[in-house]
Amino acid sequence: MKNTIKPKLLPFVGRFAIIHLIAYTAIVYGFLLYQQNLPESNRIGLDLYQQFHTLSLTTILGQLLRGLAFGFVFYPFYDLVFERKGGKLLLFLSMWAVGLIGSVEPQPGSIEGIIYTIISFTEHTSVIIAIALQMAIFVGLAFGVENFINGKRAVKTGKLFLPYSDTIKGYIIRFVAVHLFTYWVVGGIFYEISGYNQALESMEIFALWRPLENLNAVLLVFFGQIFRGTMLALLLYPFYRTYIVTKRGWALLYLLMVGLTILGSPLFLTEFIAFEGSTAEFFKSLTMGIPEIISQMLVFSLLFFYWQKKAETKQMKVLQYNMSIFLT
């Protein structure tokens, strides 16, 4: 086994895109057959959101773009994924659990979908299992191709998933606190200025949304976001030591958040290029949701990075002081 030089960016992301399309193709027709045989009451959400499409030019392009997005996200963390023990699991969880379950889009299989829609348990479970299978195929192929091209790498040991006990508690508290703050404040601002009420009443994609004007819905959103924030904090923790020591680490965190929870969603890029309607309607659709989530992720990345960086600096000074006292 040998250590390898980091591959060039464009060939790497190109491989990611092609492998992603292959993994999608491997499961799409089996899932669509399963979906068609479900009782109508258990596939309303699947029929509406259509996370899986038969192969067409639009579908192929959408899946290639999603693969490219994943490639750009993981390229700065190449060594962490491909040269560390547990890298396969990290890649799988990032693409499946963060990309689907932690996605910003209320859709079958996501926490947001559970919070905001009345999609059935069968639909949520079906998509979660199907995309888990897709990503398992992807990870196996991706590692096989990287090993074939770059040679078998020496696996570095060390903590990847096991948190550092001295920092994990504060890390999670700050992550969830900033997540809730940006979710409510940025979300609230855009709710007021973007005309969400009209969209909820007129757009088909909101047909399965729960009524939100009651206490139970508010509590579901609040505690659901605490759970989602905690899950994202734990799943993204393996990347923490890479971006926190970088001068512009907030940009790497932003890349992770946007790339995995937005661009990595099964729906976003395919829906984006498959839009049907006039040019005016297309640009109008861009004002709904996209500016909010991009702004929310940016504010989150900046606030959390600098807060966490300050906390780490303070902790380091305390450790240095205690060490100096001990040595004297």
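The values are calculated or read from the model by the stated rules, or taken from the named source; none is laboratory data. Since we're looking at a predicted model, the values are computed, not measured. Cβ sites come from the backbone with ideal geometry, for glycine too, and all protein chains shown count toward neighbours. Just so you know, the surface numbers come from the protein's heavy atoms only, side chains and all, with ligands and any DNA or RNA stripped out. Shrake-Rupley method; radii C 1.70, N 1.55, O 1.52, S 1.80 Å.
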| Taking 0.36 nm per intervening residue step and subtracting the Cα-Cα distance, what contour gain separates residue 314 from residue 53 on full extension? | 88.9 nm
| note | The rounded separation in angstrom of the Cα centers of the stretch 170-195 and the stretch 69-98 is 26 Å
| Got a sec? What order do 78, 116, 191 fall in by accessible area at 1.4 Å, biggest, i.e. largest, first? | 191, 116, 78
| note | Quick calc, residue 9 & residue 169: beta-carbon distance into FRET formula, R0 45 Å, rounding 0.05, result 0.80
| task | Report, by chain and number, residues whose modeled amide H sits under 5 Å from the one on residue 156, excluding near sequence neighbours (fewer than 5 apart, same chain). | result | 84, 85
| said: As a quick test, which of the pairs 88/156; 247/310; 169/314; 85/169; 156/314; 156/310 have an alpha carbon distance above 22 angstrom in this structure? | reply: 85/169; 156/314; 156/310
| task | Determine ³J(HN,Hα), in whole Hz, for all residues of the stretch 8-18 in sequence, where each value follows from phi through the Karplus function 6.51 cos²θ - 1.76 cosθ + 1.60 and θ = phi - 60°; x replaces Gly and Pro. | result | 5, 4, 5, x, 5, 5, x, 4, 4, 5, 5
| request: On the full set of protein chains, 1.4 Å probe, figure out the accessible area of residue 230 and give it in Å² to the nearest 10. | output: 40 Å²
| request: Give me the Debye-computed log₁₀ of I(q)/I(0) at q = 0.16, 0.21 Å⁻¹ for the stretch 212-274, equal point scatterers on Cα only, no solvent, two decimals. | output: -0.74, -0.93
